[in-house]
Amino acid sequence: MGPWVDAHSHLADPRWDQGRDAAIQEAMSKGIGFFLQGGIGPEDWAAQIALQKRYPAQIGLCFGLHPYWVAAHDEDLCEIALDGLAIQLPQAMALGETGLDFRPHVMKDSRERQITLFEQQLELAEAAELPVVLHLVQAHDEALQIFDLWGVPKRQGIVHSFNASWPKAQDFLRRGLSLSVGGPVARPDNTKLHQAVKEMPLEFLLIETDSPDQPPARFKGERNPPGSLWDVAESIARLRKMTPVEILDITTANFHRLFGAHGTADSDHDRTRPAT
Ligand SMILES: [Zn+2]
(Lines give C-alpha, C1' and ligand atoms only; values in the text may rest on other atoms or scores of the structure.)
Protein backbone atom coordinates (compact mmCIF):
# COMPACT_ATOMS: atom_id res chain seq x y z
CA MET A 1 0.00 0.00 0.00
CA GLY A 2 1.07 3.49 -0.61
CA PRO A 3 1.56 6.34 -1.02
CA TRP A 4 1.21 7.08 2.66
CA VAL A 5 -0.85 9.99 3.92
CA ASP A 6 -0.03 12.97 6.12
CA ALA A 7 -3.50 13.75 7.51
CA HIS A 8 -2.72 17.38 8.36
CA SER A 9 -0.21 19.93 7.11
CA HIS A 10 0.07 23.50 5.83
CA LEU A 11 2.20 23.20 2.72
CA ALA A 12 0.67 26.33 1.14
CA ASP A 13 1.88 28.35 4.13
CA PRO A 14 4.13 31.29 3.04
CA ARG A 15 6.85 29.88 5.30
CA TRP A 16 7.29 27.24 2.58
CA ASP A 17 7.68 29.80 -0.23
CA GLN A 18 11.40 29.00 -0.10
CA GLY A 19 12.07 25.29 -0.46
CA ARG A 20 8.50 24.02 -0.83
CA ASP A 21 9.15 21.73 -3.79
CA ALA A 22 12.24 20.24 -2.18
CA ALA A 23 10.34 19.52 1.04
CA ILE A 24 7.44 17.85 -0.80
CA GLN A 25 9.82 15.85 -2.96
CA GLU A 26 11.82 14.71 0.05
CA ALA A 27 8.62 13.43 1.68
CA MET A 28 7.60 11.71 -1.56
CA SER A 29 10.99 10.00 -1.79
CA LYS A 30 10.14 8.39 1.58
CA GLY A 31 6.77 7.13 0.28
CA ILE A 32 4.64 9.91 1.76
CA GLY A 33 2.57 11.02 -1.20
CA PHE A 34 -0.65 12.65 -0.04
CA PHE A 35 -1.11 15.67 2.20
CA LEU A 36 -4.47 16.83 3.50
CA GLN A 37 -4.23 20.52 4.25
CA GLY A 38 -5.59 22.42 7.25
CA GLY A 39 -7.56 25.50 6.19
CA ILE A 40 -7.04 28.83 7.98
CA GLY A 41 -9.10 31.45 6.11
CA PRO A 42 -9.84 32.82 2.61
CA GLU A 43 -6.22 33.67 1.73
CA ASP A 44 -5.05 30.22 2.71
CA TRP A 45 -7.82 28.51 0.70
CA ALA A 46 -6.64 30.39 -2.41
CA ALA A 47 -3.04 29.34 -1.70
CA GLN A 48 -4.14 25.70 -1.30
CA ILE A 49 -5.92 25.82 -4.68
CA ALA A 50 -2.78 27.18 -6.34
CA LEU A 51 -0.64 24.47 -4.72
CA GLN A 52 -3.08 21.76 -5.74
CA LYS A 53 -2.79 22.89 -9.39
CA ARG A 54 0.92 22.13 -9.10
CA TYR A 55 0.42 18.85 -7.19
CA PRO A 56 -3.04 17.59 -8.22
CA ALA A 57 -2.45 14.03 -7.00
CA GLN A 58 -0.74 15.00 -3.74
CA ILE A 59 -2.66 17.89 -2.18
CA GLY A 60 -6.05 17.43 -0.53
CA LEU A 61 -8.01 20.66 -0.12
CA CYS A 62 -9.49 21.43 3.27
CA PHE A 63 -11.28 24.74 3.83
CA GLY A 64 -12.41 26.22 7.09
CA LEU A 65 -12.14 29.20 9.40
CA HIS A 66 -9.45 28.41 11.96
CA PRO A 67 -10.05 29.65 15.53
CA TYR A 68 -6.94 31.88 15.07
CA TRP A 69 -8.60 33.51 12.06
CA VAL A 70 -11.90 33.90 13.89
CA ALA A 71 -10.12 35.42 16.89
CA ALA A 72 -8.36 37.96 14.64
CA HIS A 73 -11.44 39.14 12.69
CA ASP A 74 -14.67 40.81 13.77
CA GLU A 75 -18.14 39.32 13.54
CA ASP A 76 -18.99 40.93 10.19
CA LEU A 77 -15.81 39.69 8.51
CA CYS A 78 -16.38 36.22 9.96
CA GLU A 79 -19.89 36.08 8.49
CA ILE A 80 -18.64 37.23 5.06
CA ALA A 81 -15.91 34.58 5.17
CA LEU A 82 -18.45 31.95 6.20
CA ASP A 83 -20.55 32.74 3.10
CA GLY A 84 -17.39 32.37 1.00
CA LEU A 85 -16.66 29.06 2.70
CA ALA A 86 -20.10 27.69 1.81
CA ILE A 87 -19.45 28.53 -1.86
CA GLN A 88 -15.92 27.08 -2.01
CA LEU A 89 -16.53 24.00 0.11
CA PRO A 90 -17.73 21.64 -2.64
CA GLN A 91 -14.13 21.44 -3.99
CA ALA A 92 -12.75 20.35 -0.61
CA MET A 93 -12.28 16.88 0.89
CA ALA A 94 -13.05 18.15 4.38
CA LEU A 95 -14.12 21.19 6.37
CA GLY A 96 -11.46 22.51 8.72
CA GLU A 97 -9.71 23.61 10.65
CA THR A 98 -12.64 24.51 12.82
CA GLY A 99 -12.96 24.39 16.56
CA LEU A 100 -12.05 26.32 19.66
CA ASP A 101 -8.79 27.65 21.04
CA PHE A 102 -9.25 29.14 24.48
CA ARG A 103 -5.62 29.86 25.32
CA PRO A 104 -5.77 33.47 26.59
CA HIS A 105 -3.23 34.83 24.10
CA VAL A 106 -5.27 33.42 21.21
CA MET A 107 -8.78 33.93 22.53
CA LYS A 108 -8.73 37.56 23.76
CA ASP A 109 -12.35 38.74 23.26
CA SER A 110 -13.33 35.99 20.78
CA ARG A 111 -14.83 33.27 23.02
CA GLU A 112 -18.46 33.72 21.94
CA ARG A 113 -17.48 34.36 18.31
CA GLN A 114 -15.41 31.16 18.25
CA ILE A 115 -18.34 29.16 19.59
CA THR A 116 -20.76 30.66 17.04
CA LEU A 117 -18.45 30.08 14.09
CA PHE A 118 -17.71 26.53 15.25
CA GLU A 119 -21.41 25.69 15.42
CA GLN A 120 -22.04 27.28 12.03
CA GLN A 121 -19.20 25.30 10.48
CA LEU A 122 -20.45 22.01 11.96
CA GLU A 123 -23.77 22.78 10.28
CA LEU A 124 -22.03 23.53 6.97
CA ALA A 125 -20.10 20.26 7.14
CA GLU A 126 -23.33 18.37 7.74
CA ALA A 127 -25.03 20.08 4.77
CA ALA A 128 -22.02 19.55 2.49
CA GLU A 129 -21.61 15.93 3.67
CA LEU A 130 -17.96 16.47 4.53
CA PRO A 131 -15.85 15.23 7.44
CA VAL A 132 -14.46 17.86 9.79
CA VAL A 133 -10.88 18.63 10.89
CA LEU A 134 -11.03 19.89 14.47
CA HIS A 135 -8.62 22.23 16.23
CA LEU A 136 -9.40 22.04 19.97
CA VAL A 137 -7.03 23.58 22.49
CA GLN A 138 -7.95 24.15 26.14
CA ALA A 139 -11.59 23.78 25.10
CA HIS A 140 -12.33 20.04 25.18
CA ASP A 141 -15.27 20.30 27.57
CA GLU A 142 -16.88 23.14 25.63
CA ALA A 143 -16.45 21.19 22.38
CA LEU A 144 -18.04 18.08 23.90
CA GLN A 145 -21.03 20.15 25.03
CA ILE A 146 -21.44 21.48 21.50
CA PHE A 147 -21.27 17.95 20.03
CA ASP A 148 -23.89 16.77 22.48
CA LEU A 149 -26.16 19.67 21.59
CA TRP A 150 -25.67 19.65 17.79
CA GLY A 151 -24.30 16.21 17.09
CA VAL A 152 -21.10 15.34 15.24
CA PRO A 153 -21.50 15.73 11.45
CA LYS A 154 -22.49 12.42 9.85
CA ARG A 155 -19.21 12.08 7.90
CA GLN A 156 -17.43 12.45 11.27
CA GLY A 157 -13.83 13.69 11.26
CA ILE A 158 -10.56 14.01 13.16
CA VAL A 159 -9.30 15.81 16.21
CA HIS A 160 -6.10 17.18 14.69
CA SER A 161 -2.90 17.12 16.76
CA PHE A 162 -4.59 15.17 19.51
CA ASN A 163 -2.34 15.58 22.55
CA ALA A 164 -4.21 14.56 25.68
CA SER A 165 -4.95 11.65 28.01
CA TRP A 166 -6.67 8.32 27.36
CA PRO A 167 -9.89 9.43 29.16
CA LYS A 168 -10.04 12.52 26.91
CA ALA A 169 -9.39 10.33 23.87
CA GLN A 170 -12.37 8.18 24.85
CA ASP A 171 -14.62 11.27 24.97
CA PHE A 172 -13.95 11.82 21.27
CA LEU A 173 -13.85 8.16 20.20
CA ARG A 174 -17.25 7.57 21.83
CA ARG A 175 -18.68 10.29 19.61
CA GLY A 176 -17.32 8.65 16.46
CA LEU A 177 -14.35 10.96 15.95
CA SER A 178 -10.88 9.76 15.01
CA LEU A 179 -7.64 11.10 16.50
CA SER A 180 -4.78 12.48 14.44
CA VAL A 181 -1.49 12.30 16.33
CA GLY A 182 1.61 14.30 15.40
CA GLY A 183 4.98 15.49 16.69
CA PRO A 184 4.07 15.72 20.40
CA VAL A 185 4.02 11.89 20.58
CA ALA A 186 7.80 11.89 20.05
CA ARG A 187 8.47 13.69 23.35
CA PRO A 188 9.78 11.08 25.84
CA ASP A 189 7.99 12.74 28.81
CA ASN A 190 4.55 12.88 27.12
CA THR A 191 3.21 9.95 29.12
CA LYS A 192 -0.47 10.98 28.92
CA LEU A 193 -0.47 10.92 25.14
CA HIS A 194 1.64 7.74 25.11
CA GLN A 195 -0.98 5.96 27.18
CA ALA A 196 -3.78 7.15 24.88
CA VAL A 197 -1.87 5.92 21.82
CA LYS A 198 -1.25 2.53 23.48
CA GLU A 199 -4.87 2.03 24.52
CA MET A 200 -6.86 3.39 21.59
CA PRO A 201 -8.28 1.16 18.83
CA LEU A 202 -5.97 1.52 15.84
CA GLU A 203 -8.82 1.95 13.36
CA PHE A 204 -9.41 5.46 14.78
CA LEU A 205 -5.78 6.57 14.52
CA LEU A 206 -4.40 8.93 11.88
CA ILE A 207 -0.99 10.60 11.82
CA GLU A 208 0.13 14.07 10.79
CA THR A 209 3.05 16.49 10.75
CA ASP A 210 1.21 19.86 10.98
CA SER A 211 4.13 21.08 8.81
CA PRO A 212 5.62 23.69 9.06
CA ASP A 213 4.54 23.79 12.73
CA GLN A 214 5.36 21.38 15.58
CA PRO A 215 8.87 20.30 14.50
CA PRO A 216 10.28 17.18 16.18
CA ALA A 217 13.37 17.70 18.38
CA ARG A 218 15.85 17.12 15.56
CA PHE A 219 14.35 20.11 13.66
CA LYS A 220 14.04 22.35 16.73
CA GLY A 221 13.79 26.01 15.74
CA GLU A 222 13.31 25.12 12.07
CA ARG A 223 10.31 24.50 9.84
CA ASN A 224 8.89 21.04 10.30
CA PRO A 225 9.24 19.25 6.95
CA PRO A 226 6.45 16.90 5.77
CA GLY A 227 8.97 14.05 5.63
CA SER A 228 8.94 14.04 9.44
CA LEU A 229 5.78 11.91 9.24
CA TRP A 230 8.26 9.03 9.54
CA ASP A 231 9.32 10.31 12.99
CA VAL A 232 5.69 10.21 14.12
CA ALA A 233 5.22 6.70 12.70
CA GLU A 234 8.40 5.50 14.44
CA SER A 235 7.33 6.89 17.82
CA ILE A 236 3.89 5.29 17.59
CA ALA A 237 5.37 2.03 16.34
CA ARG A 238 7.56 1.81 19.46
CA LEU A 239 4.54 2.40 21.71
CA ARG A 240 2.41 -0.20 19.91
CA LYS A 241 5.30 -2.70 19.42
CA MET A 242 4.76 -2.64 15.67
CA THR A 243 6.81 -1.42 12.69
CA PRO A 244 6.61 2.12 11.27
CA VAL A 245 5.44 0.67 7.95
CA GLU A 246 2.54 -1.08 9.70
CA ILE A 247 1.55 2.20 11.36
CA LEU A 248 1.79 4.09 8.04
CA ASP A 249 -0.28 1.42 6.25
CA ILE A 250 -3.01 1.34 8.91
CA THR A 251 -3.30 5.11 9.25
CA THR A 252 -3.36 5.56 5.46
CA ALA A 253 -6.19 3.02 5.17
CA ASN A 254 -8.04 4.83 7.97
CA PHE A 255 -7.58 8.10 6.12
CA HIS A 256 -9.12 6.75 2.92
CA ARG A 257 -12.05 5.24 4.80
CA LEU A 258 -12.78 8.53 6.54
CA PHE A 259 -12.03 11.09 3.80
CA GLY A 260 -12.74 9.00 0.71
CA ALA A 261 -15.55 9.92 -1.66
CA HIS A 262 -18.00 7.32 -0.32
CA GLY A 263 -21.28 8.83 0.73
CA THR A 264 -21.03 11.70 -1.73
CA ALA A 265 -22.01 11.80 -5.38
CA ASP A 266 -19.21 14.24 -6.19
CA SER A 267 -16.64 12.50 -8.37
CA ASP A 268 -14.31 15.50 -7.99
CA HIS A 269 -13.10 13.91 -4.78
CA ASP A 270 -11.64 11.02 -6.76
CA ARG A 271 -9.27 13.33 -8.54
CA THR A 272 -7.79 14.50 -5.29
CA ARG A 273 -7.19 11.05 -3.87
CA PRO A 274 -3.87 9.31 -4.24
CA ALA A 275 -3.79 6.09 -6.23
CA THR A 276 -3.85 3.13 -3.86
ZN1 LIG B 1 -2.87 22.87 11.54
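The values are calculated or read from the model by the stated rules, or taken from the named source; none is laboratory data. Just so you know, these numbers come straight off a predicted model, no measurement behind them. Ideal geometry is used to build each Cβ from the backbone, glycine not excepted, and the neighbour counts take in all protein chains shown.
Here are the numbers:
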quantity: In the stretch 36-67, the residues that are assigned to a strand (DSSP E or B) and more than 14 Å from the ligand (Cβ to nearest atom); calculated: 59
quantity: Sole residue being over 14 Å from the mean Cα position of the chain (by Cα), outside any loop (DSSP other than H, G, I, E, B) and under 19 Å from residue 209 (Cα atoms), chosen from 33, 96; calculated: 33
quantity: Residue match in the stretch 11-24 (condition: of a type in the set (Val, Ile, Thr), farther than 18 Å from residue 133 by Cα and within 18 Å of the chain's Cα centre (by Cα)); calculated: yes
quantity: The stretch 182-215: number of residues that are buried (at least 22 other Cβ atoms within 10 Å of the Cβ), under 20 Å from residue 14 (Cα atoms) and either modelled with pLDDT under 95 or in contact with a Pro (Cβ under 6 Å, 6 or more places away or on another chain) (or both); calculated: 2
quantity: Tally, over the stretch 1-22, of residues that are within 16 Å of the ligand (Cβ to nearest atom), of a type in the set (A, V, I, L, M) and not in a strand (DSSP E or B); calculated: 2
